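The values are calculated or read from the model by the stated rules, or taken from the named source; none is laboratory data. The structure presented is a predicted model; accordingly, all values stated were derived computationally and were not measured. Here Cβ is always computed from backbone atoms with ideal geometry, including for glycine, and neighbour counts include all displayed protein chains.
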Amino acid sequence: MNLKSVVVEQLDWNATSKSLTLEPDNKGQLWVAFPTDYDEPRNSPFYFQHPKYEKQFNNGFAKCQARRITKNNFFETDGIFTYKTTWRNIPTERNSVSYYALYLPENAVPQEIHLLDPFSHGREYRRTVFKDLQQPRYIVYLQCASKYGAFSFDIICKFRNDSNGFAESSYNDDFQQDFYTQPEEWKHFLNNSEREKVEQYFITNNMRDQYNINQAGAVGPNSSSNNNIFNQTTYSLPDNTNYELLGSELSQLKQSLIGRASLPEHYLAISEVANAEEATKIKDGNKVVKSLLTGGKWVLDAATSIGTSVVAEIINKQMLG
């Protein structure tokens, strides 16, 4: 993934933190991969594709000054530690993203994680929480995108020290998302009915289907409209679907697509495959199909070429209606 900048913060048990911001120079681009992409040693939350940036990060982070956090922002109550901070104006730009990554202290197991929009009360950002066994630390990743050139957020983390149980620990909540998932912050501003219409539009647009939509009505295979009331299709998979096999194929497909991607829309398609993979874990056939259709023909062609037959069959069947 090509990034505008990365901000890495490390939190330690002695109530100190240190942080480093890394941006590409005038002659280069900042390409990174995530811990799930490779099985190699790593000294940061990212694999830097260019050794120049890996060296810059390692040297810069080693020289960072650890600063003492105030007792209001780092404290312990009944064995649970709380960390609070605010980040303002992380640099970004239209059609690009930056990433913030927070290392929790060694062997800290998260209990609650909240990343909040400081300008919209009650709005919480989706993010990725990854257990890094190489450190060992949990890492909180936040994708930062804004058309205004700067991204801001508040973060509240609660965690406990569990050196004995860290390896077997896990964390998940309603705001967890996979790497390469495209942010869906627009959904915050729409009700459920409006979200469904927008999602159906993207499915139709990406698959290049042709429908008569000169009048108000539903779009998509087998959809209908009665008196301008939208009746959208709910997709499903057979009851005997092997979701474990399907998830494995989607993971294989995602890794293949990462190596093939060269255009912005390719990364959007990869995010949909990641969404579909996540949906297999809860056996949500409707979301699996929607995400794959939104991924489009590029995903279908790749699924066919690498032999992920279950995925290719699902897309083909839905395309044919």
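Say we look at the range 288-314 and pick out the residues that are without any contact (Cβ under 8 Å) to a residue 24 or more places away in the chain and in contact with a Ser or Thr (Cβ under 9 Å, 6 or more places away or on another chain); which of these is surrounded by the fewest Cβ atoms within 10 Å (Cβ to Cβ)?
So the residue we want is S305.
Considering only the range 88-98, I want to know if a residue exists there that is within 25 Å of the chain's Cα centre (by Cα), modelled with pLDDT of 95 or more and not polar (S, T, N, Q).
Narrowing the range 88-98 to residues within 25 Å of the chain's Cα centre (by Cα): 88-98.
In the following step, the residues that additionally are modelled with pLDDT of 95 or more were identified as none.
Within the range 88-98, none of the residues are within 25 Å of the chain's Cα centre (by Cα), modelled with pLDDT of 95 or more and not polar (S, T, N, Q).
Scan the range 95-112 for residues that are within 11 Å of D162 (Cβ to Cβ) and surrounded by fewer than 18 Cβ atoms within 10 Å (Cβ to Cβ) and jot them down.
Matches in the range 95-112: E106, Q111.
Which condition number does I315 fail, the rest of (1) at pLDDT 85 or above; (2) farther than 16 Å from T181 by Cα; (3) hydrophobic (A, V, I, L, M, F, W, C) being met?
(1)
Determine which member of the set T280, T308 is on the phi < 0 side of the Ramachandran plot and touching a Gly at 6+ places or on another chain (Cβ under 6 Å). Before the answer, list the steps.
Working: T308 fails: touching a Gly at 6+ places or on another chain (Cβ under 6 Å).
The unique qualifying residue is T280.
So that you can scan it fast, the table gives a plain yes or no per residue for (1) outside the structural domain of T70 (by TED's automatic domain parsing); (2) within 22 Å of the chain's Cα centre (by Cα); (3) free of Cβ contacts under 8 Å to residues at least 60 places away in the same chain:
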residue: L20; (1), (2), (3): no, yes, yes
residue: E23; (1), (2), (3): no, yes, no
residue: N26; (1), (2), (3): no, no, yes
residue: L30; (1), (2), (3): no, yes, yes
residue: P35; (1), (2), (3): no, yes, no
residue: E40; (1), (2), (3): no, yes, yes
residue: Q49; (1), (2), (3): no, yes, yes
residue: F57; (1), (2), (3): no, no, yes
